[in-house]
Amino acid sequence: MQNNHAAADREEKGRFALMKNIFNSFSRALFGSRDKKEEMVNTLGDLLEEKDEYTYEHTLRVADFVKMIAEELNLSSDETERCVKVGKLHDIGKIIVRDAVLKKEGKLSPEEYQEIKQHVSRIPELFPDNHSLAQIFHLAMYHHEWYNGKGYPFGAKGDEIPLEARVVAVADAWDAMTSRRVYRSSFSHEKALRIMRENSGIQWDPTVVEAFFRVYEKHLCQQAS
Ligand SMILES: [Fe+2]
């Protein structure tokens, strides 16, 4: 049994190394223009979809919420575009998390939780060659930071957390709470909104939470909860 697990882990690591090499060669070839960047973001999306469809679809929904929040905050088009790219790529590091952990239906052990956390801390070693998206990868590393400094991997606080990551953190939380998982049903909108209100200024930037509430009133409250 133990041997089977070790073999499965080795196989998964091998598959990941191959995907990473293909992507890095591809990104070196495409280095440069804006359109190509878009293409690279989509290629990474394909990698993530191959790894875990739920996470891939989650990132697409997060990117949509991020765009609406960024517009509500009157961010510039460059800032908005960066926010959306970070939204699409924020969980790209999950391609290195083992399926047994990523898709586990029960509670994670402390070791497994540490492994999940590596989806942000190991981003730089995952894509070392990809200079044209380096800024986006860097920003993605902050999406689990908390406004009060209690998040990970850096323990950054308030404005030390890049704006793009503060916006993505709110959109990420909303989607995580309101989407259904195999192991739990989704939270009602009412419950998710209450959690956001209670943790505004603790986990999330209050200005971003306020912008999200306005987005909710304008675009999301019609959807059945
Ligand atoms: Fe994440």
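Throughout, read-outs are computed from the coordinates displayed, never taken from laboratory work. All values derive from a computational prediction rather than experimental measurement. Every residue, glycine as well, gets a Cβ built from its backbone with ideal geometry; the counts of neighbours run over all protein chains shown.
Find the helices (runs of 4 or more DSSP H) located wholly in region 113-225 whose residues include 1 or more that are more than 13 Å from the ligand (Cβ to nearest atom), touching a residue at least 40 places away in the same chain (Cβ under 8 Å) and of a type outside the set (Phe, Trp, Tyr), and list them.
Those helices (runs of 4 or more DSSP H) span 123-126, 134-140, 163-178, 206-215.
For every residue, the table says whether it meets (1) among the polar types (S, T, N, Q); (2) away from the ligand (no atom under 13 Å from the Cβ); (3) surrounded by fewer than 18 Cβ atoms within 10 Å (Cβ to Cβ).
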{"site": "ALA63", "(1), (2), (3)": "no, yes, no"}
{"site": "SER77", "(1), (2), (3)": "yes, yes, yes"}
{"site": "THR80", "(1), (2), (3)": "yes, yes, no"}
{"site": "VAL84", "(1), (2), (3)": "no, yes, no"}
{"site": "LYS88", "(1), (2), (3)": "no, no, no"}
{"site": "ILE92", "(1), (2), (3)": "no, no, no"}
{"site": "ILE95", "(1), (2), (3)": "no, no, no"}
{"site": "ASP99", "(1), (2), (3)": "no, yes, yes"}
{"site": "SER109", "(1), (2), (3)": "yes, yes, yes"}
